[in-house]
Amino acid sequence: MLATVIPIAYALVTLAFAMSFWRLIKGPDAPDRILALDTLYVNTIALLVLLGIHLGSAIYFEAALLIAMMGFVGTVALCKYLLRGDIIE
Amino acid sequence: MRRWLPHPLLSVSLVVLWLLLVNELSTGHLVLGALLGWLIPFAASRFWPEQIRIRHPGVLLRFLGVFAVDIVRGSFHVAWLILKGPARLRPVFVEVPLDVESDLAISLLANTISLTPGTVSALLSGDRRTLIVHTIDTDDPAALVAEIKQRYEAPLKQVFEGGDA
Amino acid sequence: MTDTLLAVLVLTGAIFTFIGSLGLARLRDFNTRLHGPTKATTLGVGCLLIASALFFSLRDDGVSLHEVLVTLFLFITAPVSAHLLAKAALHLKVRSLAPTPRAGDAQTTDRG
């Protein structure tokens, strides 16, 4: 059952990547692009977790955790930049 | 006590966090976790002067239950709206007047609002009396404000700022 | 039995991840787009992470709970990023389908 579901899940997550990427290119405003980037981070976590289940390896977990943290910090820094024109005051 | 263990709750959560991070339960990691759980709040206590007091644990537990159900409900609701198509959405900004005053309660309320059905908190007014909330689809903004206040704000106020149950 | 449960969790997770991005691509203004990734995607990845925790707990001896950490982290950070993005959009006066509130002009408190 799981073996049949995993390819479908891969396809869905890949489509999610494609759509987030389309929004990243199209914009039209800076917040849209940041939101698209943020969604791409979360999609990457989904992909890594799927890969971990598929290959039966727990090694991808650390990467997922790091991407979650870096993604959040990146989003906050970009938002701060939009709000104040400066990141560190 | 206050000086040497500034935030007991924070210390306990740090121990749990450490055990989750190393993903094993052994005496060695328990000791290391306890050491970190003591050292980090101690070193950071100057950045976090106020003490957190939880007044009605029962109310907090019930709130967490409601919150968990609403996250799932909210996701299904938004998923359905997205699948139905953008043409029929009626997005509105509503203003929620705040009764809670502490930083912690306000930020928890804002985060709760963002994760529950159809709403994202957008802006806290300069005087910290109003929270501006964007809803994706509503036909009755006043009812929505009343629901937010009664469903999320009232329990948070009880737990973190006192008041009758 | 557990195999079915795992399959259901993985599929639900993938579908919600997909729908979140679909909302991002499909909806018409920034503020409504914000709702898709914050709620649907977060729940989707949450489902996938729970599936992963279950999978590794069943396969190896002992429980594997560190996935809970990522789940918690995502559920704490998603509303914060959404709030900051909404605030930035109000600040930049991004085109919105909903009439923007007047307090949007007189902002900038420092508290995120």
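Sorted by average packing, counted as other Cβ atoms within 10 angstrom per residue and highest first, what order do C:31-41, B:79-89, B:55-65 take?
Top of the packing list down: C:31-41, B:79-89, B:55-65.
Cut-off 10 angstrom, C-alpha nodes, Gaussian network model of chain B. Which of B:66, B:16, B:133 fluctuates the most?
Looking only at B:66, B:16, B:133, the largest GNM fluctuation is found for B:16.
If I take every Cα pair under 8 Å that is 6 or more residues apart in region A:2-84, average their sequence separation and divide by the length, what percent do I get for the relative contact order?
Once divided by the residue count of region A:2-84, the mean separation gives 27 percent.
If the viscosity is 1.002 mPa s and the temperature 20 °C, what translational diffusion coefficient in µm²/s does Stokes-Einstein give for the protein assembly as shown when Rh comes from Kirkwood over Cα pairs?
In µm²/s, the coefficient is 100.
Ignoring ligands, DNA and RNA, what percent of the accessible area of region B:57-161 is carbon or sulfur (1.4 Å)?
That fraction is 62 percent.
Take region B:57-161, drop everything but the C-alpha atoms, weight them equally and run the Debye formula without solvent; then report log10 I(q)/I(0) at 0.09, 0.18 Å⁻¹ to two decimals.
-0.22, -0.86
How crowded by other chains is B:35-45, given as the mean number of beta carbons from other chains within 10 Å of each beta carbon?
Shielding by partners across B:35-45 averages 0.
Return the average number of partner chain Cβ atoms within 10 angstrom of each residue Cβ along peptide B:123-132.
Average per residue, whole number: 5.
Using a 10 Å cut-off on Cβ to Cβ distances, tally the other chain neighbours for every residue of B:108-119 and report the average as a whole number.
Per residue, the number of nearby Cβ atoms from other chains is 4 on average.
Could you give each residue of region C:81-88 its phi-based ³J(HN,Hα) in whole Hz, using Karplus coefficients 6.51, -1.76, 1.60 with θ = phi - 60°, and x for Gly or Pro?
5, 4, 4, 5, 5, 4, 5, 5
Need one word for region A:2-84: rounded, prolate or oblate. Basis is the Cα gyration tensor (sqrt eigenvalues a ≥ b ≥ c); a/c below 1.5 gives rounded, then a/b vs b/c decides.
Since a/c reaches 1.5 but b/c is at least a/b, the shape of region A:2-84 is classed as oblate.
The values are calculated or read from the model by the stated rules, or taken from the named source; none is laboratory data. Since the model is a prediction, treat every value here as computed from it, not as a measurement. All Cβ positions, glycine included, derive from the backbone under ideal geometry; neighbour counts span all protein chains shown. Heavy atoms of the whole protein, side chains included, go into the accessibility calculation; ligands, DNA and RNA do not. Shrake-Rupley method; radii C 1.70, N 1.55, O 1.52, S 1.80 Å.
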